[in-house]
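Below you'll find the structure, written out as structure tokens, and then a few comments.
Each value in this text was obtained by applying a stated rule to the coordinates, not by laboratory testing. Values in this document were obtained by computation on a predicted structure and should not be read as measured data. Note that each Cβ is placed from the backbone with ideal geometry, even for glycine, and that neighbours are counted across all protein chains shown.
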Amino acid sequence: MIDEQKFNRFYLQILLCCIFIIICDGYDMFMLGTILPSLMAEWRITAVEAGLFSSYALFGMMIGALVFGPLADKFGRKKVILICTVIFSVFTFTSGFADDPTSFGIQRFIAGLGLGGVMPNLIAIITEYSPEKLRSTLVAIMFSGHALGGVVASLGAMYLIPNFGWRAVVWLGALPLIFMPILYKLLPESIIYFMTKNKKSKLVSVLNQVKVDGQYTINDHCPSGATQK
């Protein structure tokens with residue numbers, strides 16, 4: 001049924017939520033490069049030492065992807081996406097209060113856990129809901145948000161660093177926290193999660209949003225011999 005649908009308001013809703021989160025993910029990743037010169041000057045560290053900050057975040061992303069991917073199958077992709085978004089937003093924000101490289105590096109690692117955990121689950125949920133003909137296009141559009149986040153980080157740093165210092169660039173990473181209630185309301189849970197957990201009422205609700213004229217009820221079932229995807 002999902003494969004045969006046309007693009008509608010429900011798909012736009014999912015796409016905008018995922019794009020916003022991945023823009024924030026991209027901002028968080030690329031903003032580090034914009035503040036490294038300031039960190040090197042303030043803490044009197046070498047370029048090699050400054051480069052380790054990127055390694056901390058990347059290492060955290062690797063672990064986050066390995067941990068939060070399987071957890072999403074058990075607890076739901078929506079929950080994991082929002083939790084990961086909170087993790088990288090909070091620890092990016094708090095790293096703006098760091099007074100030394102060690103504290104900053106630890107918080108970059110923890111933020112990396114959220115950054116790594118959110119990416120595969122965003123891809124999974126938009127792939128799961130996308131109609132077959134639009135699947136590649138919607139995933140590509142969503143992924144473009146990551147590069148856009150880098151652009152926002154660069155442009156933001158050009159204004160913020162000269163006027164407010166590098167910490168303002170980092171604090172801006174808390175922006176997703178403001179939109180968490182909206183994301184919680186608009187982003188749907190994984191349809192496969194509803195099926196495996198036998199949450200029929202919630203499954204019916206989301207199916208009726210996917211199909212504009214849908215009139216599914218909890219008493220409906222897959223006909224005998226039909227293929228379930």
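Here the range 46-123 is described by how far its Cα atoms reach on the three principal axes: 42, 21, 15 Å, from widest to narrowest. Compared with the dominant Cα axis of the chain, that is its longest principal axis, helix 9-43 is turned about 10°.
Excluding residues on the same chain fewer than 8 positions from residue 202, give the lysines whose Cα lies under 17 Å from its Cα. Straight-line reach from residue 202, under 17 Å: 74, 78, 79, 185, 211. The chymotrypsin sites (Phe, Trp or Tyr not before Pro) found in the range 1-94 that occupy coil by DSSP, while having at most 15 further C-beta atoms within 10 Å, are 7. Using only the Cα atoms of the range 78-187, each taken as one equal point scatterer with no solvent, compute I(q) by the Debye sum, divide by I(0), and report log10 of the ratio at q = 0.13, 0.15, 0.21, 0.24 Å⁻¹. Relative scattering, expressed as log10 I(q)/I(0), comes to -0.58, -0.74, -1.22, -1.38.
On C-alpha positions alone, give me the angle between the axis of helix 77-94 and the longest principal axis of the chain, in degrees, nearest 10. Approximately 10 degrees, to the nearest 10.
What number in nm² do you get for the chain if you take the convex hull of its Cα atoms and divide its surface by four? Taking the Cα atoms of the chain, their convex hull projects to 13.3 nm² on average.
When you work out D = kT/(6 pi eta Rh) for the range 83-146 at 25 °C and 0.890 mPa s, using the Kirkwood radius from C-alpha pairs as Rh and the Stokes-Einstein form, the result is 186 µm²/s. When 1/r is averaged over all different Cα pairs and the result inverted, which Kirkwood radius in Å belongs to the range 126-186? Evaluated over the range 126-186, this radius sits at 14.0 Å.
In loop segments of the range 1-92 as defined by DSSP, the trypsin sites (Lys or Arg not before Pro) with at most 12 further C-beta atoms inside 10 Å of their C-beta are 6, 44. Cα centroid separation, the range 1-64 to the range 80-155: 4 Å. Summed over all non-identical Cα pairs, the Kirkwood treatment of the range 1-46 gives a radius of 13.7 Å.
Calculated mean residue ellipticity at 222 nm for the chain: -26000 deg cm²/dmol, from DSSP H runs with n ≥ 4 weighted as -39500 (n - 2.57), summed, divided by the residue count and rounded to 500. Between the Cα long axis of helix 200-210 and the first principal axis of the chain there is an angle of about 80°, rounded to the nearest 10. Here's the picture: a label point sits 7 Å out from the Cα of residue 134 along the beta-carbon direction, and within the range 1-41 the residues with their amide nitrogen under 20 Å of it are 1-23.
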